[in-house]
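Please read the structure below before turning to the comments.
The values are calculated or read from the model by the stated rules, or taken from the named source; none is laboratory data. Computed from a predicted model, the values in this text were never measured in an experiment. All Cβ positions, glycine included, derive from the backbone under ideal geometry; neighbour counts span all protein chains shown. Just so you know, the surface numbers come from the protein's heavy atoms only, side chains and all, with ligands and any DNA or RNA stripped out. Shrake-Rupley method; radii C 1.70, N 1.55, O 1.52, S 1.80 Å.
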Amino acid sequence: MSTLEIRNLQVSVNTDAGAVEILKGVDLTITSGETHAIMGPNGSGKSTLAYSIAGHPKYTIVGGSVTLDGADVLDMTVDERAKAGLFLAMQYPVEVPGVSVSNFLRTAATALRGEAPKLRTWVGEVKEAMEALNMDPAFASRNVNEGFSGGEKKRHEIMQLELLKPKIAILDETDSGLDVDALRIVSEGVNRAKENNNLGVVLITHYTRILKYIKPDFVHVFANGRIVEEGGPDLADKLEANGYADYVSK
Amino acid sequence: MSLLATNYLTPTGREEAWRFTPLKRMRGLHDGAAVIGDRASLISTHVLPAGVTFVRESLEPLAESDDVIIERVRGFSSNVAHLSITANTEVGQPIFLGRSKGALDTAELSRVRISLGNHATATVVIENTGDTVLAEDLEISLAPGSSLTFITLQEFESQSVYAARHHAVIDKDARYKSITVTVGGDVVRILPTVEFIAPGGSAELLGVYFATAGQFFEHRMHVDHAVPHAKSRVNFKGALSGRDAHTVWIGDVLIRAVAEGTDTYELNRNLLLSDGARADSVPNLEIETGEIVGAGHASTTGRFDDEQLFYLMSRGITLENARRLVVRGFFNEIVTEIGIELIQERLMDRIDGELAKAGA
Ligand SMILES: Nc1ncnc2c1ncn2[C@@H]1O[C@H](COP(=O)(O)OP(=O)(O)OP(=O)(O)O)[C@@H](O)[C@H]1O
Ligand SMILES: [Mg+2]
């Protein structure tokens, strides 16, 4: 059992006009096996939360804490956070020219497992992970995310999730840009990871559609840099019907 | 050939062609002060395949040169190391040339010719290693329909100086692909130059270089489209790391008025891995006719992309390994063009080593 605890997290980003505060005190606790959906308007700070937990250098932590089973996440380098068991499926996965998917995956698996996976079992493992997400095996020899379509990038993220077996995963709009079949395939991948590894999931999304496949235990409404309401799955339906007007009162 | 007295041509550093080169570190190659040693270092390191000969003989230069050092080399010697591939021969295995012993207290002035007969095909690799002060006039003659892949590896020891022109003369429908790799030496100045003498030829000049603290590597291209319907591509990638690492890339491409149907593109990318390093990159496209297929150039100099490093590290990869992956990835496109596994691996290991040495 693992627990990711976010307490009063305050984050700013540096701009030409000085530091701009984006997260204004976020509290959230995720435990293994749980699925938390986060929904909220554009620009409310959802990706900022995801990136801050993963340690993106662009963001400055102004206050608060993030711990994983008591260990101070904010004190870790980006790779240490991954080694501790955190995973971020990015809203905009990055292209890395000249680095093949297979080389990337093997390097990552080696780093996370502490030893290079045995070549024979590894090839099968990758092939299986790709097939499970309906990815052409040819992707293994392509460069990381280079020229991938939007949906292919998202499948690639979830394939990594299955291969790298984190404890807690943050999925930042993984459902955006997926066609109906891909949405189901990707959701099944997430559900497999939940089942096989008792994964805890933070699911950032704009649509209730994915929540039909990945059932959330909790739904959080995110607005203006903080969580403004929490509820069960039915809250998502309410949001879909009414929008965020109630939460972004100025 | 120029008839000017060579001392008249001694560069001062103010000339366009010499404005970046640290003349003080040229060990007298540029001003005639170097003591010429008695050595002819280029050797064949493997058994020569059938249809290939390698002999020393007296040859007139193939083409004019306006480079002072090349003039000095030619003034000094008519003796040329000549690698020749017989017409209609397809040499499957790469032909390897290398260096016998060099020296730092004397200089070598070397002339080399590589010639391919009609419709001959070959890959030639020159492995430049060791301690040396070497000026080299290397000319390549490609007969109609021939095809050469020419790989030079500058893996000199740290005090070496190498000043050379690698000049290809491309006849009708001949294909020339060069891969110039420069990773070792104190001062390396190479002029990869190309001259089309009949239509239908193609030239692809590729290169990688990695300069660390104090090293100076200059690659000064010149592609002369003097005939119609020839195609050229230039793509050089460099990395720099450490104090006073300095690289220069000049891409002079001339499309003469007669050169209708020319298709050319040149590209130089530099990766600055630390402060205190300097990459000069000067594309220069001169177009004298509008009747062309295409002409373009691009030049970029940048640092590590934070987003790339973050993405890799978010998968557990350490900063050091993430940098290594990104740098290998940066060079990969060109290194794989070498097509010789052993050399590719050696080169990538060397690049890893340079990166580690620089602590970047
Ligand atoms: N460099 C910056 N300068 C100014 N504002 C910035 C900068 N970087 C981020 N922001 C702002 O931070 C806010 C939060 O952005 P974030 O990406 O976290 O939103 P989001 O909730 O993920 O939105 P979306 O639903 O559109 O993905 C936005 O208003 C954004 O414009
Ligand atoms: Mg977002």
Rounded, prolate or oblate (a/c below 1.5 giving rounded, otherwise prolate when a/b exceeds b/c) for the stretch A:11-74 by Cα gyration tensor: oblate
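Leaving out ligands and nucleic acids, and using a 1.4 Å probe, what accessible area per residue does chain A come to in Å²?
It amounts to 43 Å² per residue over chain A.
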One would report the Cα pair-distance distribution of the stretch B:290-354, bin width 10 Å, in %, as 17, 36, 29, 12, 5, 0
Unit charges on C-beta of K, R, D, E only; dipole of the stretch A:153-215, Debye: 160 debye
Could you run the Karplus curve 6.51 cos²θ - 1.76 cosθ + 1.60 with θ = phi - 60° over the stretch B:171-176 and give me ³J(HN,Hα) per residue in whole Hz, x for Gly and Pro? 8, 3, 6, 7, 10, 10
Taking the 0 to 90 degree range and rounding to the nearest ten, how far is the long axis of helix A:180-197 tilted relative to the main principal axis of chain A, both from C-alpha atoms? 90 degrees
Give the aspartates and glutamates reachable from A:Lys238 as a straight Cα distance under 13 Å; neighbours fewer than 8 places away on the same chain don't count. A:Glu229, A:Glu230, A:Asp246
Gaussian network model of chain B, Cα within-10 Å springs - most flexible of B:Thr264, B:Thr12, B:Thr193: B:Thr12
Per residue, the convex hull volume that the Cα atoms of the protein assembly as shown enclose (Å³): 188 Å³
Among A:Gly63, A:Gly200, A:Gly55, residue whose mean-square fluctuation peaks in a GNM of chain A (springs only between Cα atoms under 10 Å): A:Gly63
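If one takes the accessible area of chain B alone plus chain A alone and subtracts that of the pair, with a 1.4 Å probe, what total in Å², rounded to the nearest 100, results?
1900 Å²
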Put one equal scatterer on each alpha carbon of the stretch A:41-103, apply the Debye formula with no solvent term, and list log10 I(q)/I(0) at q = 0.21 1/Å to two decimals. -0.96
Take the solvent-accessible surface of the protein heavy atoms, probe 1.4 Å, and return the percent of it on the protein assembly as shown that carbon and sulfur atoms account for. 49 percent
Collect residues whose amide H, placed 1.01 Å from N in the peptide plane, falls under 5 Å from the amide H of B:Leu59; neighbours closer than 5 in sequence don't count. B:Val80
Nearest 5 is fine: what % of DSSP beta bridges in chain A come out antiparallel, could you say? 60 percent
Could you work out Rg/(2.2 N^0.38 Å) for chain A, with Rg from alpha carbons only? 1.00
For chain B: accessible area per residue (Å², 1.4 Å): 39 Å²
Considering protein heavy atoms only and a 1.4 Å probe radius, which residues within the stretch B:296-320 exhibit an accessible-area decrease of no less than 10 Å² in the full assembly relative to the chain by itself? B:Asp306, B:Glu307, B:Gln308, B:Phe310, B:Tyr311, B:Leu312, B:Met313, B:Ser314, B:Arg315, B:Gly316, B:Ile317, B:Thr318
For the stretch B:276-282, 3J(HN,Hα) per residue [Karplus equation, 6.51 cos²θ - 1.76 cosθ + 1.60, θ = phi - 60°, Hz, x = Gly/Pro]: x, 9, 9, 10, 9, 9, 10
CD proxy at 222 nm, helix term only [per DSSP H run n ≥ 4: -39500 (n - 2.57); per residue of chain B; nearest 500]: -4500 deg cm²/dmol
Among B:Phe216, B:Leu312, B:Gly200, pick out the residue whose Cα is farthest towards the positive end of the charge dipole of chain B, where Lys and Arg carry +1 and Asp and Glu carry -1 on C-beta, about the Cα centre. B:Leu312
Which of B:Thr149, B:Gly184, B:Gln159 sits farthest toward the positive end of the charge dipole of the stretch B:60-197, with +1 on the Cβ of Lys and Arg and -1 on the Cβ of Asp and Glu? B:Thr149
What residue among A:Leu235, A:Ser52, A:Pro216 has its Cα farthest toward the positive end of the dipole of chain A, where the charges are +1 on Lys, Arg and -1 on Asp, Glu, each on the Cβ? A:Ser52
What percentages make up the Cα-Cα pair-distance distribution of the stretch A:3-137 when the bins are 5 Å wide from 0? 2, 8, 15, 18, 18, 14, 13, 8, 4, 1, 0
Pull up all non-local amide H partners of B:Asp280: gap of 5 or more, or a different chain, and H-to-H distance under 5 Å with H placed in the peptide plane. B:Thr247, B:Val248, B:Trp249
Residue-wise, which Karplus ³J(HN,Hα) couplings in Hz belong to the stretch A:26-39, taking 6.51 cos²θ - 1.76 cosθ + 1.60, θ = phi - 60°, and x for glycine or proline? 9, 10, 7, 10, 10, 10, 2, x, 8, 10, 10, 8, 10, 10
Taking only the alpha-carbon atoms of the stretch B:11-76, the convex hull volume per residue, in cubic angstrom, is 155 Å³
Nearest 20 debye, what's the magnitude of the dipole of the protein assembly as shown about its Cα centre given +1 on Lys and Arg Cβ and -1 on Asp and Glu Cβ? 840 debye
Counting sequence-distant residues (5 or more places) and residues on other chains, those with an amide H built under 5 Å from that of B:Ser299 are B:Asn268
Please check: in the Gaussian network model of chain A (C-alpha springs, under 10 Å), which one of A:Ser47, A:Ser176, A:Ser149 has the largest mean-square fluctuation. A:Ser149
Kirkwood hydrodynamic radius, computed over distinct alpha-carbon pairs, for the stretch B:16-304: how many Å, to one decimal? 19.1 Å
So if I place +1 on the C-beta of Lys and Arg and -1 on the C-beta of Asp and Glu, and nothing else carries charge, what would the dipole magnitude of the stretch B:16-304 be about its Cα centre? I want it in debye, nearest 20. 640 debye
Just tell me which lysines come within less than 16 Å, Cα to Cα, of B:Lys101; anything on the same chain fewer than 8 places away is out. none
